[in-house]
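In what follows, a single structure is set out as structure tokens and then discussed.
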Amino acid sequence: MNERRVLVVEDDPTIAGSVIARLRAEGFAVDHAGTGPAAVEAAARLRPDLVVLDLMLPGFDGLEVCRRIHAQRPVPVLMLTARDDENDLLVGLAVGADDYLTKPFSLRVLAARVHALLRRTERTTAPEAPIRLGPLEINRTERRVRRDGVEAHLTPTEYDLLVYLAERHRAVLPRERLLAEIWGWAEGFGTRTVDSHIKALRRKIGADLIRTVHGVGYALEAENT
């Protein structure tokens, strides 16, 4: 199996050095960029399997980097932010980030998130029949989603979350179960991650299709066709 390549985009030398050392110890080939323009150039040239991306960067910020590298090709993005503000996190998810960590963070947790993201995106399956639920059509072979014939551009994590909900149509799925099955986390402290991705998903496919069961979790509800 080829060595998987991670691009670390971080302008703080201390943080960048620690992240690079930990990921190399985990067996990844790691490259580094310290500015927004350098990150976009490196992503195009190196074609990494995953990008660890700081939000605040010289040149232009991580949100613009995320937009530009996704315009080139889809790639999983783990965003790092010093700001624990929900609006920042939702904007990050909206432009294509698959997961995020708020500084300061544990290098062990970062490595676990990187492994989990790569496991999801490298998952290969035989062609499967599309899922059709009301206005939704999910083409599992092409990993494409349409509502009323209009394509919804989902991140890899949003897609996996939607498929998991759709395969269990109308079932109420606890946040902790979604964390374990989609993110691969055993811990329950990341339930806010689930909430943030659900909000991003609702914006893209419509808020009417995902029901919140307060204190429990979420259910996808659409009439079968």
- Helix 62-72: angle to the longest alpha-carbon principal axis of the chain, degrees 0 to 90, nearest 10? 70 degrees
- Using only helices, what value at 222 nm comes out for the chain when you add -39,500 (n - 2.57) per DSSP H run of length 4 or more and divide by the total residues, to the nearest 500 deg cm²/dmol? -12000 deg cm²/dmol
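With an 8 Å cut-off on Cα pairs and a minimum separation of 6 or more residues, tell me the relative contact order of the chain in percent. Mind dumping the intermediate values first?
On the way: 363 pairs, mean separation 31.8, N = 225.
Averaging sequence separation for qualifying contacts and normalising by length gives 14 percent for the chain.
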- Hey, can you rank 149-155, 28-34 by average C-beta count inside 10 Å, highest first? 28-34, 149-155
- Item | Helix axis angle, 13-25 relative to the chain longest principal axis, alpha carbon, degrees | 70 degrees
- Which percent of the accessible heavy-atom area of the chain goes to carbon and sulfur, probe 1.4 angstrom? 50 percent
- Message: So, for region 9-50, what is the accessible surface per residue at a probe of 1.4 Å, expressed in square angstrom?
- Response: 45 Å²
- Area accessible to solvent at Val95, 1.4 Å probe radius, in Å²: 30 Å²
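Where the only charges are on Cβ atoms (+1 Lys, Arg; -1 Asp, Glu), what is the dipole of the chain about its Cα centre, to the nearest 20 debye?
Details: 32 positive and 33 negative charges, 95 e Å.
Dipole size: approximately 460 debye.
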- the chain: antiparallel DSSP beta bridges as a percent of all, rounded to 5: 50 percent
- Query: When every alpha-carbon pair in the chain is counted, what percent end up more than 32 Å apart?
  - Reply: 18 percent
- Does anyone have the angle between helix 191-205 and the longest principal axis of the chain? Alpha-carbon axes, 0 to 90°, nearest 10? 60 degrees
- Query: Looking at Gly27, Leu107, Val40, which one has the Cα that reaches farthest to the positive end of the dipole of the chain (charges on Cβ: Lys, Arg +1; Asp, Glu -1)?
  - Reply: Gly27
- Before anything else, pin down the relative contact order of region 2-42: Cα pairs under 8 Å, at least 6 apart, normalised by residue count, whole percent. 49 percent
- Note on the structure: Within the set Ala71, Ala97, Ala111, GNM on the chain using Cα springs under 10 Å gives the largest fluctuation to Ala71
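The values are calculated or read from the model by the stated rules, or taken from the named source; none is laboratory data. It should be emphasised that the depicted structure is a prediction, and the values quoted were computed from it without experimental measurement. Positions of Cβ are backbone-derived with ideal geometry, glycine not excepted, and every protein chain shown enters the neighbour counts. Ligands, DNA and RNA are excluded from the accessible area calculation, which covers all protein heavy atoms including side chains. Shrake-Rupley method; radii C 1.70, N 1.55, O 1.52, S 1.80 Å.
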